[in-house]
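Please read the structure below before turning to the comments.
The values are calculated or read from the model by the stated rules, or taken from the named source; none is laboratory data. Quantities reported herein were computed from a predicted structural model and do not represent experimental measurements. Cβ: placed from backbone, ideal geometry, glycine included. Neighbour counts: every protein chain shown.
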Amino acid sequence: MKRRLMVPLFWRIFLLIWLAMAVTVVVSTLVSSVLLDRERAAIERQLELRDLGFEVAAVRESGGRREAHKFLRSQGDELGLHLMMISADDDNRLPEAIRSRIKSGWYRQKPAIVDVGGGYRLIAWPKMHGEGWLEPRVFRYMEMGLAFFLITLACWLIARFVSRPMRHMESTAQAIADGHTELRVSARIAARRDEVGQLATAFNVMTDQLCTLLARQKHLLRDISHDLRTPLARQRIAIELASEGGVEGDLMASILRQNERLETMTGQILTLYRVTEQGSDIARAPVRSVALLNRVLRDSADYAEHNRIECKLVVMRESTGVSVLGDAGLLQRAVDNILQNALDHTPPGRVVHISQTLEAGWVSLTIGDEGPGVADDILAHLFEPFFRADKSRGGQGWGLGLTIAKDIILAHDGDITANNRAPVGKGNSGGLQVVVRLPVFAVD
């Protein structure tokens, strides 16, 4: 592939700003020169002031000062000019604007001045601001306005040049995060020969690789689950038939327990795949949170009783009629996984605490055990797939329960967190507490 010439973004911005300043200076100078030259040329071309000056001098010599003044006035009315004959020491008769313009060193062109001899000068300037005439103050304002306009335009173009592709990449990244994994940064931006183009190209390559990995992960979970289910079902049937044939009872019970564990794990993997695949597009209906908790506790009652663990449910009075919007089966699976995790890590004779509260449009479900707790440095990893905090919590799971719970809660626009409970009473180490927050749909 032929390597294209890359122009770094730094030099593009630098050259654009530099060219904007240079164009401003050049255009300002040209406008100054053109307007002022036109001013001077127009006055001298239209009036032929030099001939008029000598004519005024002749009238003054023949008819006196009064006649010269009348002549200047009549010529001025005819030509639309102010005409004055002044001596070298009589500048005070001129208007202030004209005197300041004559004395200004910055403006190269002055009002038309003609020496007519005898120490007198003829001064001419338009009565109205017409063609080729600008007062110094007006010209300064025009020049500053032009410079401000050009610099503003250049800065706007630069900001747009830099920010538009960034905004496009930001919106594309957000859309991909929302599940539209087919989107990519447009080819027009990726084809740019600067850092923005390189970033867009790298972004597209990275997204392709991530989407490929995610697709492989989903397919792997699906394939493993489906491949395991069939032999497990057949194995279970074979075990049951062997058990009826008189095989040792303890051995068959152990085999059945292991088979059930494998089937449970397979079901969890399929649930994780389902939630990951559907995301926020799951079917939703109103679900009463208190009824959901009661169903989960009823299903877990035998297991808790067998392990001599007490479950205490405390519901805030204001939250008894709360409903959330979601899939009742998935939500029950999520809460059941959290409760099962608490039961697995609570010693016999201890308590699992379940509570429900309502606050600012959110219903909070809290499930806390009285187990050994979790080290602070691994709290953030509890919701990762296949993660087990073996050093502090010995459990029998595969590290999928809390992962599935998290994905289900996030798919319902909620959030889930875990923290260690403060010790309560003598000999109580506190334990782990998982808090689920879901947006309230309705309150009866």
Does ILE123 satisfy the condition of being modelled with pLDDT of 75 or more, surrounded by 11 or more Cβ atoms within 10 Å (Cβ to Cβ), aliphatic (A, V, I, L, M) and farther than 30 Å from ARG93 by Cβ? no
Tell me whether segment 325-339 contains one or more residues that are over 24 Å from LEU270 (Cα atoms) and in contact with a helix residue (DSSP H, G or I) (Cβ under 6 Å, 6 or more places away or on another chain). no
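Go through ALA360, ALA334, ALA342 for me and flag whichever is hydrophobic (A, V, I, L, M, F, W, C) and surrounded by fewer than 19 Cβ atoms within 10 Å (Cβ to Cβ).
Unique residue meeting the criteria: ALA360.
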Only one of these is at pLDDT below 85 and under 30 Å from ALA411 (Cβ atoms): ILE189, ILE176. Name it. ILE176
From the list ALA328, ALA360, ALA375, which residue is among the small types (Gly, Ala, Ser) and farther than 26 Å from ASP444 by Cα? ALA375
Cβ-Cβ below 7 Å, separation at least six or inter-chain, first residue in segment 165-184 and on the phi > 0 side of the Ramachandran plot, second modelled with pLDDT under 85: which pairs? GLY179/GLY279
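Looking only at segment 83-114, filter to residues that are touching a Gly at 6+ places or on another chain (Cβ under 6 Å) and surrounded by fewer than 17 Cβ atoms within 10 Å (Cβ to Cβ); which one of those is modelled with the highest pLDDT?
Ranking the qualifying residues of segment 83-114, first place goes to SER87.
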What is the residue count in segment 287-317 for residues that are exposed (fewer than 13 other Cβ atoms within 10 Å of the Cβ) and part of a loop (DSSP other than H, G, I, E, B)? 1
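Conditions tested, residue by residue: (1) at pLDDT 85 or above; (2) farther than 16 Å from GLY430 by Cβ; (3) of a type in the set (Phe, Trp, Tyr); (4) part of a helix (DSSP H, G or I).
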residue	(1), (2), (3), (4)
LEU358	yes, yes, no, no
GLU370	yes, no, no, no
ARG388	no, yes, no, no
GLY397	no, yes, no, no
Looking at (1) closer than 26 Å to ALA411 by Cβ; (2) among the basic types (Lys, Arg); (3) modelled with pLDDT of 75 or more, which is the one condition that is false for ARG216? (3)
Subset of segment 175-208 (residues that are among the polar types (S, T, N, Q), part of a helix (DSSP H, G or I) and within 23 Å of ILE158 (Cβ to Cβ)): GLN198, THR201
